[in-house]
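Structure, as structure tokens:
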Amino acid sequence: MEGEDGMSEHEGILVFSEKYDLMLEMLGKGREIADKLQTELAAVLIGFNVQEKAGELIKYGADKVYLVDNRALAHFQIETYLSVLHNLAASYKPEIILIGSTRNGKPLAARLATRLEAGCIPDCNRLSVDEQGRLVCERITYGGNASAKITFKAKPQIATVAPRAFEKPERKDQSGQVIKLDVKVEEPKTEVVEIKPVEASSVRIEDAEVIVGCGRGLGKKEDRVLLDELATVLCGQVGCSRPLAEDRKWFTEWVGLSGHKVKPKLYIACGISGVIQHVAGIRDAKVIVAINKDENAPIFEVADYGVVGNLYEILPALKEALKKQLG
Ligand SMILES: Cc1cc2nc3c(=O)[nH]c(=O)nc-3n(C[C@H](O)[C@H](O)[C@H](O)COP(=O)(O)OP(=O)(O)OC[C@H]3O[C@@H](n4cnc5c(N)ncnc54)[C@H](O)[C@@H]3O)c2cc1C
């Protein structure tokens, strides 16, 4: 039964992501919100043979873990995972549902919101609670030019949370409850035919602590070796702006508003102009170094350190200097 204001009758916070690290990040923030609202924080663990992870989720802040372990859930499929989450949300009526903002998580949250006739705010990078106890979500909008603060008029309040928006909490020795559920899994309308791993070099750039990013300043595909070498010295990964992936097909993924949002300790932008769509993906980097031959390139406005010059001269020199320095 829904209260007249659409906000009562719901209690507790549910957190789900098919990405384990993101689940932990959300548990950290979820714990903070649950304590503020004096309510319970529950993680939803879905998959096959995943029970050993349940105890860990408690150590990272969950009061409860709803464990749904079923062969049919071995791989993410939107219909099956949606049926589990919908079932849980309909039974437990949480006031907040946080879902990891991944390629799978975003459509999952949208469909769940439709089924529950609830609001859904995607890609949140800040979460708080207002004086009425409503969830307040912040997200980047207008192509990275503004930040919107949005709240809800009804419950459950569903938000998707961007990877690395929040720090992974400390693991603590705490106890909680693991509740094994036998949820009816909907028959999927799609079938996984094959799963292929992506190239090792492009795996989870979001996790890289150092990223050497290249843009259209790079003349030929083969010249990528300059960036690879620098990334190797710094134990980092190579990333790129969208045109290098989408237009030139030299990479499969890119960094930016429509690509990966990254949060490295160091981002070295080489031959990248630094327009807003690219910067939207790197604004959380701790230190940005820009190498660009145009001193008026917008990347210098966001860079902590800038080198005006030709990347073909600077990258080999920088690599040699760092090699000497780092041994
Ligand atoms: C809806 C939408 C979403 C988008 N999403 C993204 C996104 O997620 N990520 C993204 O990156 N882009 C995105 N874009 C594209 C974006 O608008 C830019 O076109 C793109 O970021 C430009 O890439 P770039 O900086 O590599 O190239 P350019 O803008 O062409 O810049 C190349 C830079 O290299 C410098 N340069 C050239 N030669 C050298 C040299 N030898 N040494 C040093 N510097 C040199 C130049 O001075 C220049 O500043 C999006 C666009 C749209 C419309």
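The values are calculated or read from the model by the stated rules, or taken from the named source; none is laboratory data. Owing to the predicted nature of the structure, the values given are computational and were not obtained by experimental measurement. FYI the Cβ positions are ideal-geometry reconstructions off the backbone, even for glycines, and counts take in every protein chain you see. For accessibility, only protein heavy atoms count, side chains too; no ligands or nucleic acids. Shrake-Rupley method; radii C 1.70, N 1.55, O 1.52, S 1.80 Å.
Here Glu222 clears all of (1) under 16 Å from Val289 (Cβ atoms); (2) modelled with pLDDT of 95 or more; (3) more than 10 Å from the ligand (Cβ to nearest atom); (4) not in a strand (DSSP E or B) except the condition numbered (1). Do we have Ile121 as hydrophobic (A, V, I, L, M, F, W, C), under 27 Å from Val279 (Cα atoms), in contact (Cβ under 8 Å) with a residue 60 or more places away in the chain and open to solvent by less than 20 Å² (accessible area, probe 1.4 Å) here? Judged against the criteria, Ile121 is not a match. Here the range 279-299 is the region considered, the condition is being open to solvent by less than 20 Å² (accessible area, probe 1.4 Å) and more than 12 Å from the ligand (Cβ to nearest atom), and the residue that is farthest from Leu257 (Cα to Cα) is Ile288. It is to be established whether one or more residues within the range 231-242 are closer than 23 Å to Arg204 by Cβ, crowded, with 17+ Cβ neighbours inside 10 Å and hydroxyl-bearing (Ser, Thr, Tyr). Yes - at least one qualifying residue is present in the range 231-242.
Please enumerate the residues belonging to the range 26-48 that are under 20 Å from Leu67 (Cβ atoms) and open to solvent by less than 20 Å² (accessible area, probe 1.4 Å).
Correct list: Met26, Leu27, Gly30, Ala34, Leu41, Ala42, Ala43, Val44, Leu45, Ile46, Gly47.
Of note, Ile97 satisfies the criterion of being crowded, with 23+ Cβ neighbours inside 10 Å, of a type outside the set (Lys, Arg) and closer than 25 Å to Val262 by Cα. Given the condition aliphatic (A, V, I, L, M) and either modelled with pLDDT under 95 or in contact with an Asp or Glu (Cβ under 6 Å, 6 or more places away or on another chain) (or both), answer yes or no: does some residue in the range 54-71 qualify? No, the range 54-71 contains no residue that is aliphatic (A, V, I, L, M) and either modelled with pLDDT under 95 or in contact with an Asp or Glu (Cβ under 6 Å, 6 or more places away or on another chain) (or both). Residue count for the range 304-327 under the criterion of being within 12 Å of the ligand (Cβ to nearest atom) and not in a helix (DSSP H, G or I): the result is 5.
Residue-by-condition table, conditions (1) out of contact with any helix residue (DSSP H, G or I) (no Cβ under 6 Å at 6 or more places or on another chain); (2) more than 9 Å from the ligand (Cβ to nearest atom); (3) modelled with pLDDT under 95; (4) open to solvent by less than 50 Å² (accessible area, probe 1.4 Å):
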{"residue": "Ser202", "(1), (2), (3), (4)": "yes, yes, yes, yes"}
{"residue": "Glu206", "(1), (2), (3), (4)": "yes, yes, yes, yes"}
{"residue": "Glu209", "(1), (2), (3), (4)": "yes, yes, yes, no"}
{"residue": "Leu218", "(1), (2), (3), (4)": "yes, no, no, yes"}
{"residue": "Thr252", "(1), (2), (3), (4)": "no, yes, yes, no"}
{"residue": "Leu257", "(1), (2), (3), (4)": "no, no, yes, no"}
{"residue": "Val262", "(1), (2), (3), (4)": "no, yes, yes, yes"}
{"residue": "Gly274", "(1), (2), (3), (4)": "no, no, no, yes"}
{"residue": "Glu301", "(1), (2), (3), (4)": "yes, yes, no, no"}
